[in-house]
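The block underneath contains the structure these notes are about, expressed in structure tokens.
The values are calculated or read from the model by the stated rules, or taken from the named source; none is laboratory data. The model shown is predicted, which means the values in this text are computed figures rather than measured ones. Cβ coordinates were reconstructed from backbone atoms using ideal geometry, including for glycine residues, and neighbour counts include every protein chain displayed. Calculation scope for accessible area: heavy atoms of the full protein, side chains included, ligands and nucleic acids excluded. Shrake-Rupley method; radii C 1.70, N 1.55, O 1.52, S 1.80 Å.
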Amino acid sequence: MRILVVEDDSKIASFVANGLKQNGYAVDCAKDGEEGLDLMTSTTYDAAVLDLMLPRVDGLTLLGTLRKKKIHTPVLILSAKASVDDRIKGLQAGGDDYLTKPFVFSELLARVQALIRRATHATEPMTLSHGDLSLDLQTREVTRAGQRIELQAKEFALLEMFLRHPDRPITKTMILEGIWDYSYEPQTNVVDVLVSRLRSKVDKDFPVKLIHTMRGFGYVLKTD
């Protein structure tokens, strides 16, 4: 899943982006409202974290423009403006939730996850599974045949992508766009390396292999 952070304070932007990445999200960052608007009108995001006091185009104007264009990306406003009137203005302009600075990252993460669940009009499953492989989205615990498997952040994100689309081919481009950052310039074999790492953890010690290569296309998670 891909999230946009629109924040002109580089320290805050880095903190939020790094936290989201560590939780398996691909993150793009915009340093002003104009750049944020350009990205949100040209790229599909699962959610956005938006400051209000931005250079070039302020957050309220950005929100209003998005909603007029019928772009319904869920937006969490992250602002130092903490009054009731400010919160009301932000929500009326098109924000879906409002969090004031300073903030605790765990709360920001929970709010972003809630926005994504509501936007999909479905109850987010707490567990994804295929065969004897299981991934708990809440505890981030992965098991196969009851055996716990420790995964790094990008390995977890890749496995989640596979488990959300079992038996469906996933291209290398889809993996790059879903897991790496907007500004990332990948090496030619970066996807292959990540898939190899994941395979070594979820397939190597088990007789039935789940992650299969589709030569010239990508990969697929299947039991046969």
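Figures for the structure shown
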item: For a label point 7 Å along the Cα-to-beta-carbon line of GLU177, residues of the stretch 74-105 with backbone N under 19 Å; result: 74
item: Accessible carbon and sulfur surface of the chain relative to its total accessible area, %, 1.4 Å; result: 50
item: Nearest-ten-degree value, helix 33-42 long axis tilted from longest Cα axis of the chain; result: 40
item: Helix axis angle, 10-22 relative to the chain longest principal axis, alpha carbon, degrees; result: 30
item: Reach of LYS81 by Cα under 20 Å, taken over aspartates and glutamates that are not fewer than 8 positions away in the same chain; result: GLU7, ASP8, ASP9, ASP32, ASP51, ASP58, ASP96, ASP97, GLU107
item: Cα-based shape type of the stretch 1-122, given that a ≥ b ≥ c are square roots of the gyration tensor eigenvalues and the cut on a/c is 1.5; result: rounded
item: Antiparallel bridges, percent of DSSP beta bridges restricted to the stretch 50-153 (to nearest 5); result: 65
item: Top of THR61, THR139, THR171 by mean-square fluctuation, Gaussian network on the chain, Cα under 10 Å; result: THR139
item: Cross-link reach list, lysines versus LYS69, counting only Cα pairs under 20 Å and skipping chain neighbours closer than eight places; result: LYS89
item: Folded to 0 to 90 degrees: helix 105-119 orientation relative to the chain principal axis, Cα; result: 80
item: Point-to-point label distance, GLU107-VAL84, nm (Cα→Cβ direction, 7 Å offset); result: 1.8
item: Per residue solvent-accessible surface (Å²) - the stretch 82-178, probe of 1.4 Å; result: 55
item: DSSP-defined antiparallel bridges as percent of all bridges, the chain, nearest 5; result: 50
item: Cβ-placed point charges (K, R +1; D, E -1), dipole of the stretch 41-143 about Cα centre in debye, nearest 20; result: 580
item: GNM flexibility winner over the chain from ALA145, ALA119, ALA153 (Cα, springs under 10 Å); result: ALA145
item: Charge tally in the Cβ shell below 9 Å around ILE211, where Lys, Arg are +1 and Asp, Glu are -1, ILE211 excluded; result: +2
